[in-house]
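All of the numbers you see were taken from the coordinates with simple rules; none came from a lab. The structure displayed is predicted, hence computed values, not measured ones. Using ideal geometry, Cβ is built from the backbone for each residue, glycine included, and neighbour counts are taken over all protein chains shown.
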Amino acid sequence: KMSNKSVDVEAVDVDLVAGMFEASLFLPSENEYELKQHTIGNFELTLYSHPAASTDYDLTGIIVWPVSKLLSFYLVHKQQCLKDMFVLELGSGCGLPGLVASSLQNCNGFGERKNQTHGRVVLTDCEEEVLKVLSKNVKHQISLIPETTSFLTSEYLLWGNETEQIFEAAAFREKYTKVPDIFIAADVFHPSFGSPKQVFDTILLMSSSTEKLKNMLRTKHDEETLPLEKKVEEKRKDIELWVGFVDRGNMTEVLEASVVAGFAHKIVILDEFVPEEFMKEVLSFSDRILMIVVFTKTVYE
């Protein structure tokens with residue numbers, strides 16, 4: 001943390017200070033990532049991640065955290081609901097939950113190969129270094145299950161900047177045409193990421209029709225001179241957000257934001273699908289409460 005004491009600017013070696021805070025000095029090298037096997041119930045998956053228990057730089061996404069494993073257990077538990085679904089993961093990091101979802105669409109509950117479904121999984125993040133390892137994991141997954149080549153991708157996605165989000169959502173809808181059926185996310189409501197409202201706003205934008213998004217852009221930039229897109233009939237669609245949540249005393253704030261955004265929610269009972277040894281491992285790691293929260297809403301695409 002910065003001291004409140006004044007600093008003699010002329011006495012500071014500017015080049016030295018710049019070097020001390022050069023982001024690249026904190027970035028891991030390619031050979032620091034390890035290919036590790038993760039066992040989720042009867043399901044096994046390998047992916048690259050950093051072996052550290054924490055990170056000094058804003059790169060929490062390069063580590064596989066317990067809450068990502070918890071969400072993955074829930075995905076295995078709900079694998080029948082993933083069949084033929086379009087799944088989008090927010091803040092994927094290394095991508096464990098998203099890769100599990102993709103694998104479940106192509107394998108049975110015991111990890112055995114089955115015929116390709118019509119599902120799709122898109123993993124997203126906004127940090128450049130994290131996107132590198134995420135892309136590497138997507139390619140690794142495709143090398144193991146070639147059938148996923150056209151149905152598993154990674155994309156850049158940032159929330160918090162409304163105008164940029166509208167552009168991203170419009171480009172996403174142009175590319176994938178369909179609104180995701182299920183959004184999944186692990187620890188996206190960390191207080192350092194900003195208001196929970198931003199997450200729900202992002203989901204609503206990603207669930208909007210292409211025409212609505214284009215009209216929003218026109219309204220923002222020049223509502224008088226740019227013609228609005230012709231109104232088309234919107235289709236009713238139910239979407240869900242499955243969240244691996246770490247309670248940091250902000251649960252009330254998150255639930256209030258979800259209500260304002262029009263989402264209903266339920267807290268899932270973990271005893272139905274989480275192994276006791278995993279919960280013991282989590283408790284030894286941290287005293288924070290982990291949970292699964294499912295949010296639902298009807299939108300018009």
25 °C / 0.890 mPa s Stokes-Einstein diffusion coefficient of the range 131-173, Kirkwood radius on C-alpha pairs, µm²/s | 206 µm²/s
Bin width 10 Å, alpha-carbon pairs only: give the P(r) of the range 236-288 as whole percents, running from 0 to the bin holding the largest distance.
-> 17, 43, 28, 10, 1
Of the peptides 68-79, 167-178, how do they stack up when ordered by the mean number of other Cβ atoms within 10 Å, highest first?
-> 68-79, 167-178
Compare the peptides 137-145, 92-100 by average per-residue count of other Cβ atoms within 10 angstrom and give them in order, highest first.
-> 92-100, 137-145
